[in-house]
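The values are calculated or read from the model by the stated rules, or taken from the named source; none is laboratory data. The structure presented is a predicted model; accordingly, all values stated were derived computationally and were not measured. We place every Cβ from the backbone using ideal geometry, glycine too, and count neighbours over all the protein chains shown.
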Amino acid sequence: MGSTGFENCWIWDSIPRLVGLGGLMITAAVVGLSKGYFWGIGVCSFPVLWPGFGIFYKKKSWKRPVRVYMDGCFDLMHYGHANALRQAKTLGDVLVVGVISDEEIIANKGPPVLSMEERLILVRGLKWVDEVITNAPYAITEEFMNTLFNKYNIDYIIHGDDPCLLADGTDAYAHAKKAGRYKQIKRTEGVSSTDIVDRILSSSKCAENDNQRSTSFNEMHRNEGNILHEASESMTSRLSHFLPTSRRIMQFSNGKGPGPDAHVVYIDGAFDLFHAGHVEFFRCARQLGDFLLVGIHSDQTISQRRGFHPIMHLHERSLSVLACRYVDEVIIGAPWEVTKDMMRTFNISLVVHGTVSESSSRDEVDPYLIPKSMGIFKAIVSPKAITSSSVASKVIDNLETYKRRNLKKKQSEGKYYEEKKFVTGD
């Protein structure tokens, strides 16, 4: 990361005194001492020899933090968004994120799945984000670019290596590039909001009932769990293209464990289609202790216990959770039941669960039976009545709209992958 500012400099604030003491000879002597030598004879620097004498002093350098800006829709927030913002943060000291308005998204891409409020919660919940600009424009116009430079003191505007075109086919970042204030990061492979919408739309039930959508999806399926069940059952041919690596997990991880006396709070779940409800629940849970440990159930466990596969697979869900600023550590593939051995292993002080969750488990055994018997279980009111199923239902209820939107986006994404070249760094 770089910084801008002033270099170290010597401030000569008492030269007039030197002139009164003997003129050029004494001045020359001071110069020799200040440089650490005197006619070839090495000596200590002047401030060390005579501290407080008041002849000159060394001013401490001041470097202004480099401020970088990145914008986006951040609809159906996923680990690709998180990784883009993580990369952007490495190019500066302060990351300012612009969340594009609903109106601008509709005009350029089609209707967003999530509201502005939900998208703001998700962006502010990321550990790399420092400041947020709401209702940002889709295009970096010259006027908005000057606002970024003058009002927000932005040094560089960041975007991925995938093209971002306006409705008229022009580059949304052309002005920033022309100004020499544009920097590029590497796109995260294997995921996009378009891909996630496509996974949800892959439901065979949806395809069969294209002509029967006069009634809402929720009326046809009163059990919300059916939404994820139908989408996931037909997704066997649409496996994720994400290739998880240990390096990526390390990049997202805090890399720190709890202290010996830390009050460790534990939450578990699927955390599929990571949403604002998850972020707000983590925020509340984190306030109950010093360290938030999140257990993420495996795809197989979710399928066995709930009767349907998650839309996002285990590693994708793990990265989304790890990116949240309120989460300290995750257990990838956590057991369904919270056991006494597990609580001892991780020194868990409190197990919490929310009042809003997905459809009930097929298993009649209470997974929190042991922590309840030990008196360390707490049910807390979920701040948001949002579930992964309710997020999926927004897509299903507007099937035709998102089909058209995805068709257009998939064409541009296909062109990107055809012309893709290796980009260093990530």
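Summary of computed values
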| read-out | value |
| --- | --- |
| Qualifying residue in the range 125-144 (condition: at pLDDT 95 or above, among the basic types (Lys, Arg) and surrounded by 21 or more Cβ atoms within 10 Å (Cβ to Cβ)) | no |
| Within the range 108-130, considering residues that are more than 14 Å from the chain's Cα centre (by Cα) and either of a type in the set (A, V, I, L, M) or not in a helix (DSSP H, G or I) (or both), the one nearest to LYS394 (Cα to Cα) | VAL113 |
| Residue under evaluation SER382, criteria (1) surrounded by 15 or more Cβ atoms within 10 Å (Cβ to Cβ); (2) more than 30 Å from the chain's Cα centre (by Cα), criterion not met | (2) |
| Subset tally (residues that are in contact with a Gly (Cβ under 6 Å, 6 or more places away or on another chain) and among the β-branched types (Val, Ile, Thr)) for the range 171-201 | 3 |
| Residues of the range 325-348 classified as over 24 Å from GLN300 (Cβ atoms) and surrounded by 18 or more Cβ atoms within 10 Å (Cβ to Cβ), total | 2 |
| The range 188-205, subset charged (D, E, K, R) and modelled with pLDDT of 85 or more, residue farthest from LYS109 (Cα to Cα) | ARG199 |
| Filtered residue count, the range 59-83, keeping only those that are surrounded by 22 or more Cβ atoms within 10 Å (Cβ to Cβ) and farther than 17 Å from ILE196 by Cα | 4 |
| Which listed residue is modelled with pLDDT under 90 and surrounded by 13 or more Cβ atoms within 10 Å (Cβ to Cβ), from ILE227, ILE121 | ILE227 |
| Scan of the range 86-117 for residues that are of a type in the set (Asp, Glu) and touching a strand residue (DSSP E or B) at 6+ places or on another chain (Cβ under 6 Å), ordered by number | ASP93 |
| Which numbered condition SER240 fails, given (1) buried (at least 19 other Cβ atoms within 10 Å of the Cβ); (2) in a loop (DSSP other than H, G, I, E, B); (3) modelled with pLDDT of 50 or more | (1) |
| Single unsatisfied condition, GLU329 versus (1) under 18 Å from SER382 (Cα atoms); (2) of a type in the set (D, E, K, R); (3) at pLDDT 95 or above | (1) |
| All strands (runs of 3 or more DSSP E) inside the range 273-389 with 1 or more residues being closer than 27 Å to GLY190 by Cβ | 291-296, 329-332 |
| Failed criterion for ASP268 (all others in (1) out of contact with any helix residue (DSSP H, G or I) (no Cβ under 9 Å at 6 or more places or on another chain); (2) surrounded by fewer than 16 Cβ atoms within 10 Å (Cβ to Cβ); (3) modelled with pLDDT of 95 or more hold) | (2) |
| Residues within the range 158-194 that are of a type in the set (D, E, K, R) and assigned to a loop (DSSP other than H, G, I, E, B), tallied | 7 |
| Set VAL356, VAL423: member being assigned by TED's automatic domain parsing to the domain that holds HIS278, surrounded by fewer than 18 Cβ atoms within 10 Å (Cβ to Cβ) and modelled with pLDDT under 95 | VAL356 |
| PHE217, sole failed condition from (1) among the hydrophobic types (A, V, I, L, M, F, W, C); (2) assigned by TED's automatic domain parsing to the domain that holds GLU131; (3) crowded, with 17+ Cβ neighbours inside 10 Å; (4) at pLDDT below 85 | (2) |
